[in-house]
1. Take region 1-65, drop everything but the C-alpha atoms, weight them equally and run the Debye formula without solvent; then report log10 I(q)/I(0) at 0.12, 0.13 Å⁻¹ to two decimals.
2. Under 5 Å between amide hydrogens, which residues at least 5 positions from C7 or on another chain qualify, with H placed 1.01 Å from N in the peptide plane?
3. Over what distance in Å are the Cα centres of region 94-162 and region 9-87 separated?
4. Counting every Cα pair in the chain, what percent are over 26 Å apart?
5. So what is the 222 nm mean residue ellipticity for the chain from helices alone, if each DSSP H run of at least 4 adds -39500 (n - 2.57) and you divide by all residues, rounding to the nearest 500 deg cm²/dmol?
6. Arrange the peptides 98-109, 28-39, 130-141 so that the one whose residues have, on average, the most other Cβ atoms within 10 Å appears first.
7. With springs only between Cα atoms under 10 Å apart, run a GNM on the chain and tell me which of L151, L129, L53 wobbles the most.
Amino acid sequence: MITDVICEDPRWEDAGLEAVSETAAQAVFARLNLTGDWEVVVMGCDDARIAVLNADFREKDKATNVLSWPSEERASEEAGGQPLAPVGPDPELGDIAISFDTCLREAQDAGKKFADHVTHLVVHGILHLLGYDHIDEKDAALMEGLETEILGNLGIADPYIA
C-alpha cells in the first residue's frame, strides 16, 4: 500500500476513498517510474475542516477541494522543469486533505462521475507532493499533461477539456 487513508467524514468510507486513493497513487508511481516504499497520507474530510486548514496554511478563508503538504521541497528551480526525485530514508512523501462537499459539488456541476473527479484530485495532490505545480504556464503545462496522461491510463477523460 502506498496510501494511508484517514476518513474524518464517514461519507468518504462509503465513497471508497481508500481504494480510489491507492489506485491513483499506483498510477502516478507507475507513470513516473517511482519505486520503493513511499507513503502518502490522504485525509478525507468535509468543507468545514478543509476551510480551517486552508485558512491556517494558505491564509484563504474558504473551503477548497484538495490541499497538500509535501514532506520536503522537490520543485524544480526552473519553470517547467522536472522536480527532484524523492530520496530516502524517510518514505513519507507528505499529506493530502480532500473535501467531500466540494468534490461532490464540483463533480455534479461538471457532470462528472464522483469517483473520476476524486481520482483526479488525488493524482493532482500526489503530484504536488512530488514537486509539481501550476504556478506559471510552463509548470501548469507539465503538471496538467501528466494528470491527463495518468487519468487516461485509468480510463478517465481529460479533466481540462470543458
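1. -0.39, -0.45
2. G44
3. 10
4. Details: 2854 of 13041 pairs.
Taking all Cα-Cα pairs of the chain, the fraction more than 26 Å apart is 22 percent.
5. Calculated mean residue ellipticity at 222 nm is -15000 deg cm²/dmol.
6. On the way: 98-109: 19.2, 28-39: 14.6, 130-141: 16.2.
In descending order of packing, they fall as 98-109, 130-141, 28-39.
7. Of L151, L129, L53, the Gaussian network model singles out L53 as fluctuating most.
A short reminder: the numbers here are calculations on the coordinates, not readings from a lab. From a predicted model like this one, the values you see are computed outputs, not experimental measurements. Every residue, glycine as well, gets a Cβ built from its backbone with ideal geometry; the counts of neighbours run over all protein chains shown.
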